[in-house]
Each structure stands twice: as structure tokens, then as C-alpha cells.
Amino acid sequence: MFTGIDEVDWASLRHAYGSAADVPGLLRGLASADPVERETALDGMYGAVHHQGDVYASTLACVPFLLALVAGGQVADRAGIVELVVSIGTESESHSDGAEGGLRTRALADVRAGAEVFVRLAGDADPSVRRA
């Protein structure tokens, strides 16, 4: 689920608070067995990578990993991750103009590229995942 994560030059990417060097830790935290660590990681993703609905270069780099996290079915609290991905796509679709327009357009395309994951999630055994 994290194949290729260490090949991304996260330190050169940006999020709301500067360097995205902390993002691999947040992504790995989403897969933690510890519910507090998962919640902290999800809050961190919203706070930095998708801060107030914004999209950054680091957001684009996260989308494939977020989709892999929810697609596998082994991660707890997948509904929260699905909601994050949906928010990235929804915000990108509704605000695709301005200085961030290119990033938002790419983010929307990346989320849409995961359509097969969403189709599978629509039949997921977990009702909170289906709702998300």
C-alpha cells in the first residue's frame, strides 16, 4: 500500500505549513493499529495537506497512497480516509480557477482515476465506508 512512498521527494513538496517532509509519517499513521495515531494522522492530513480545502503539490502526491489505503480493506477507519479523498476531489471540482487551478485540476483527475476503487467501496461491508 505504500509502494513508492520513499521515492517521492516529499521535502521538496509543499503543504499549508511548508515542507511536506512529514507527510509519509502521516500516511503511515493512517494505517496504524493505534486508533489515536490514526485520528492524529487524519487530522494532520486535513490540517496540512488539505488545509481549509486547499490543494498543494503534496496533496497530488498523496492521492494514490490514500486510494491504496482504502482499496486494500485492511486499514481501520477507512471511512475517514474516503471522506478526505472525496473532499479533495469535490473541492478541486468546485474551485478549479485561480492560482491553484492547475493543481486542483490535476487533483480532480487523480481522484477520478481512482473510480474503480470507489465502485468497489460502494459495496463495502462497512456501512460508514459506503456512506463516505
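The values are calculated or read from the model by the stated rules, or taken from the named source; none is laboratory data. What you see is a predicted model, and the numbers here were worked out from it, not measured in a lab. Note that we place each Cβ from the backbone using ideal geometry, even for glycine, and neighbour counts take in every protein chain shown. Note: areas computed on protein heavy atoms with side chains; ligands, DNA, RNA excluded. Shrake-Rupley method; radii C 1.70, N 1.55, O 1.52, S 1.80 Å.
So that you can scan it fast, the table gives a plain yes or no per residue for (1) aromatic (Phe, Trp, Tyr); (2) closer than 23 Å to residue 127 by Cα:
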{"residue": "3", "(1), (2)": "no, no"}
{"residue": "11", "(1), (2)": "no, no"}
{"residue": "16", "(1), (2)": "no, no"}
{"residue": "20", "(1), (2)": "no, no"}
{"residue": "36", "(1), (2)": "no, yes"}
{"residue": "50", "(1), (2)": "no, no"}
{"residue": "65", "(1), (2)": "yes, yes"}
{"residue": "88", "(1), (2)": "no, yes"}
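Which pairs turn up if I take residues in the stretch 23-37 that are farther than 11 Å from residue 2 by Cβ and look for partners that are acidic (Asp, Glu) and surrounded by 12 or more Cβ atoms within 10 Å (Cβ to Cβ) with beta carbon separation below 6 Å, at least 6 apart in sequence or on another chain?
As it stands, the answer is 29/37, since those pairs meet every condition given.
Can we say residue 7 is charged (D, E, K, R), within 19 Å of residue 110 (Cα to Cα) and either open to solvent by 20 Å² or more (accessible area, probe 1.4 Å) or out of contact with any Gly (no Cβ under 7 Å at 6 or more places or on another chain) (or both)?
Spelling it out, residue 7 is indeed charged (D, E, K, R), within 19 Å of residue 110 (Cα to Cα) and either open to solvent by 20 Å² or more (accessible area, probe 1.4 Å) or out of contact with any Gly (no Cβ under 7 Å at 6 or more places or on another chain) (or both).
Being assigned to a loop (DSSP other than H, G, I, E, B) and open to solvent by 20 Å² or more (accessible area, probe 1.4 Å) is the filter here, so list the residues in the stretch 33-81 that pass it.
Within the stretch 33-81, 33, 34, 54, 56, 73, 74, 76, 77 meet the criteria.
Being among the polar types (S, T, N, Q) and touching a strand residue (DSSP E or B) at 6+ places or on another chain (Cβ under 9 Å) is the filter; apply it to the stretch 4-63 and report the residue that is nearest to residue 87 (Cα to Cα).
The selected residue is 59.
Could you check how many residues of the stretch 1-22 are part of a strand (DSSP E or B) and in contact (Cβ under 8 Å) with a residue 12 or more places away in the chain? Spell out how you get there, then give the answer.
Taking the stretch 1-22 as the starting set, the residues that turn out to be part of a strand (DSSP E or B) are 14-15, 18-19.
If we keep only those that are in contact (Cβ under 8 Å) with a residue 12 or more places away in the chain too, we end up with 14-15.
Residues flagged as part of a strand (DSSP E or B) and in contact (Cβ under 8 Å) with a residue 12 or more places away in the chain within the stretch 1-22 amount to 2.
Being open to solvent by 20 Å² or more (accessible area, probe 1.4 Å), under 27 Å from residue 122 (Cβ atoms) and free of Cβ contacts under 8 Å to residues at least 60 places away in the same chain: is that true of residue 110 here?
It is true that residue 110 is open to solvent by 20 Å² or more (accessible area, probe 1.4 Å), under 27 Å from residue 122 (Cβ atoms) and free of Cβ contacts under 8 Å to residues at least 60 places away in the same chain.
I'd like the full set of residues that are in a loop (DSSP other than H, G, I, E, B) and within 13 Å of the chain's Cα centre (by Cα), limited to the stretch 109-124. Give the derivation first.
Residues of the stretch 109-124 in a loop (DSSP other than H, G, I, E, B): 114, 122-124.
Passing the criteria: only 114.
Is it the case, given these coordinates, that residue 84 is surrounded by 17 or more Cβ atoms within 10 Å (Cβ to Cβ) and modelled with pLDDT under 95? Talk me through it step by step, then tell me what you get.
Details: surrounded by 17 or more Cβ atoms within 10 Å (Cβ to Cβ): yes; modelled with pLDDT under 95: no.
When the stated conditions are applied, residue 84 does not pass them.
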